[in-house]
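Asks: The structure's right below; bear with me while I get my questions together.
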Amino acid sequence: MTYQNLLNLVKTGSLKAEPPDRKEFEGLVRSGLVRLKDAQRPELSLESRFDLAYNASHALALAALRLNGFRSENRYLVFQSLAHTIELPAAEWRVLALCHDRRNLAEYEGALDIDEQLLNDLLRITANLAEKLRSL
């Protein structure tokens, strides 16, 4: 973990240092796991599954950030911080960042541009996040 990188983001005002809260961490993980499980239900629409998986990934990424004593109001930065909180490879957090961009297009412009492959990548990475958090 590159804790110093996170401290540098506090200095720039991008992150806030805040003592970890185990109850908050556990709540975020629980929320992420419930959403991840629901996102794997094939009878749901692709759009619903994507929304659930995206929100699961965000809850788990935020849990990792909070466990390390930081908070961010910027969703993109929460995903980017995974490189430092749980050493998630750049290729994986970049997929989460892409999903963030696609979610924003859907949310603010009504243009949902996703496919089965992107959803499968999101589900795989989110399951990986959950597994990494279980080991902490």
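The values are calculated or read from the model by the stated rules, or taken from the named source; none is laboratory data. Values in this document were obtained by computation on a predicted structure and should not be read as measured data. Reconstructed Cβ throughout: ideal geometry from the backbone, glycine too, with neighbour counts over all protein chains shown.
Asks: Evaluate the following for ARG124: is it within 20 Å of THR2 (Cα to Cα) and either of a type in the set (D, E, K, R) or assigned to a loop (DSSP other than H, G, I, E, B) (or both)?
Replies: Considered against the rule, which asks whether it is within 20 Å of THR2 (Cα to Cα) and either of a type in the set (D, E, K, R) or assigned to a loop (DSSP other than H, G, I, E, B) (or both), ARG124 comes out as no.
Asks: State yes or no: is PHE70 at pLDDT 95 or above, crowded, with 22+ Cβ neighbours inside 10 Å, closer than 19 Å to VAL10 by Cβ and touching a strand residue (DSSP E or B) at 6+ places or on another chain (Cβ under 7 Å)? Full working, then the answer.
Replies: Working: at pLDDT 95 or above: yes; crowded, with 22+ Cβ neighbours inside 10 Å: yes; closer than 19 Å to VAL10 by Cβ: yes; touching a strand residue (DSSP E or B) at 6+ places or on another chain (Cβ under 7 Å): yes.
Yes: the conditions hold for PHE70.
Asks: May I pose another question? Restricting attention to segment 45-81, which residues are small (Gly, Ala, Ser) and within 18 Å of ALA91 (Cβ to Cβ)?
Replies: Of everything in segment 45-81, those that are small (Gly, Ala, Ser) and within 18 Å of ALA91 (Cβ to Cβ) turn out to be ALA53, SER57, ALA61, ALA64, SER81.
Asks: Quick one: which helices (runs of 4 or more DSSP H) lie wholly within segment 1-115 and hold at least 1 residues that are farther than 18 Å from LEU133 by Cα, of a type in the set (D, E, K, R) and touching a residue at least 60 places away in the same chain (Cβ under 8 Å)?
Replies: On the way: elements: 3-11, 22-39, 46-67, 75-80, 82-85, 90-109.
In segment 1-115, 46-67 are the helices (runs of 4 or more DSSP H) which contain 1 or more residues that are farther than 18 Å from LEU133 by Cα, of a type in the set (D, E, K, R) and touching a residue at least 60 places away in the same chain (Cβ under 8 Å).
Asks: Something else about it: Among the residues of segment 116-136, how many are polar (S, T, N, Q), more than 11 Å from PHE50 (Cβ to Cβ) and surrounded by fewer than 13 Cβ atoms within 10 Å (Cβ to Cβ)?
Replies: Residues in segment 116-136 being polar (S, T, N, Q), more than 11 Å from PHE50 (Cβ to Cβ) and surrounded by fewer than 13 Cβ atoms within 10 Å (Cβ to Cβ): 2 in total.
Asks: Separate question: Just give me the residues in segment 87-102 being modelled with pLDDT under 95 and either within 14 Å of LEU52 (Cα to Cα) or β-branched (Val, Ile, Thr) (or both), in sequence order.
Replies: none
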